[in-house]
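Following: one structure in structure tokens, then a few remarks.
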């Protein structure tokens with residue numbers, strides 16, 4: 001792999017019910033620090049307000065705390081549900097995060113994933129995608145335009161509005177969540193921004209990938225914009241261990257609990273079915289490509305296969321889960337950072353090339369080295385003759 005591939009982690013979060021929420025948040029902040037130390041590129045955090053498992057209600061507030069504990073990793077909202085907020089407040093808060101993180105903020109947006117959130121807030125789920133599209137257009141204007149403007153929208157309005165503090169970055173990266181429908185990709189093309197493909201851990205989402213980018217390109221052309229695959233982020237379940245068998249054994253029980261308790265038991269997902277055997281479910285997920293389970297070598301093969309399937313993308317996002325123990329999870333992220341990321345980012349090839357050049361010429365080089373040593377000894381003896389006894 002010659003093109004540099006970015007690596008990030010997507011924290012929805014998906015935490016089983018039962019743990020102290022304060023300790024959960026602290027553990028998530030420790031993960032951000034761990035990833036920063038391991039040179040991951042990005043850390044994305046979601047917004048949810050119901051259903052028990054996804055308990056971060058304000059990703060911006062969480063990411064400010066993460067910014068204080070990290071140095072270089074980019075911090076993204078994954079994602080802000082635009083219909084839940086006045087667009088001016090979205091723009092204002094992401095600019096605040098940009099300054100408090102010293103220019104590391106990324107804005108991820110979507111229509112809102114949980115219908116329970118929308119209904120609780122009095123929002124008709126059927127209107128969310130249209131509201132997201134309209135709101136995003138105004139957020140982008142606020143971030144990029146300096147002159148005040150007035151806007152009378154279908155669900156909000158602005159009167160001679162402008163941000164009083166500009167972003168620290170020249171341009172804050174923006175990305176739209178995309179699932180199986182074309183709407184996310186079409187919005188990304190319309191506004192010329194990046195994409196977060198967040199349903200690709202599922203078989204249906206993964207199958208949709210080859211055609212998804214085309215929706216974005218078509219929309220971009222229609223609106224006089226361009227989109228770049230380098231700004232396409234794809235979400236996958238990842239767990240690395242000492243062997244493929246061991247990795248799947250480690251995720252089995254947590255995967256089963258996640259699907260049965262959350263996707264089926266709480267959300268009632270129409271595409272998720274109860275799992276009887278977590279190990280077989282992990283095998284199946286590995287086979288269709290929604291899960292990368294195994295050794296670093298297995299991961300490299302799977303990532304290359306995913307790149308070919310999608311036609312190329314810029315960043316691999318690991319879906320953060322509590323499927324394994326904390327120690328196993330941290331070790332998995334470390335294995336990915338130590339042995340997979342550098343291969344995908346072109347950092348190992350020049351080292352390999354250097355070793356191979358020396359290996360190919362080792363006989364000649366060692367002869368020269370040995371000859372130099374013998375010459376040095378000879379020259380010394382010639383200028384320092386031994387005294388005769």
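Couple of notes before you dig in:
- Any hit, the stretch 144-161, residues being assigned to a helix (DSSP H, G or I), within 24 Å of residue 97 (Cβ to Cβ), in the same structural domain as residue 190 (by TED's automatic domain parsing) and free of Cβ contacts under 8 Å to residues at least 60 places away in the same chain: yes
- Yes/no for residue 133 being closer than 22 Å to residue 50 by Cβ and either in a strand (DSSP E or B) or over 21 Å from the mean Cα position of the chain (by Cα) (or both): no
- Flag for residue 311 being closer than 29 Å to residue 73 by Cα and out of contact with any strand residue (DSSP E or B) (no Cβ under 6 Å at 6 or more places or on another chain): yes
- Residue in the stretch 275-282 that is under 23 Å from the mean Cα position of the chain (by Cα) and either more than 30 Å from residue 227 (Cα to Cα) or assigned by TED's automatic domain parsing to the domain that holds residue 201 (or both) present: yes
- Spans of helices (runs of 4 or more DSSP H) in the stretch 282-389 with at least 2 residues modelled with pLDDT of 95 or more and over 27 Å from residue 175 (Cβ atoms): 296-310, 326-335, 349-360
- Enumeration of residues in the stretch 38-79 that are assigned to a strand (DSSP E or B) and without any contact (Cβ under 8 Å) to a residue 60 or more places away in the chain: 43, 45, 75, 77
The values are calculated or read from the model by the stated rules, or taken from the named source; none is laboratory data. Note that the coordinates shown come from a computational prediction; the quantities given were computed from them, not determined experimentally. Reconstructed Cβ throughout: ideal geometry from the backbone, glycine too, with neighbour counts over all protein chains shown.
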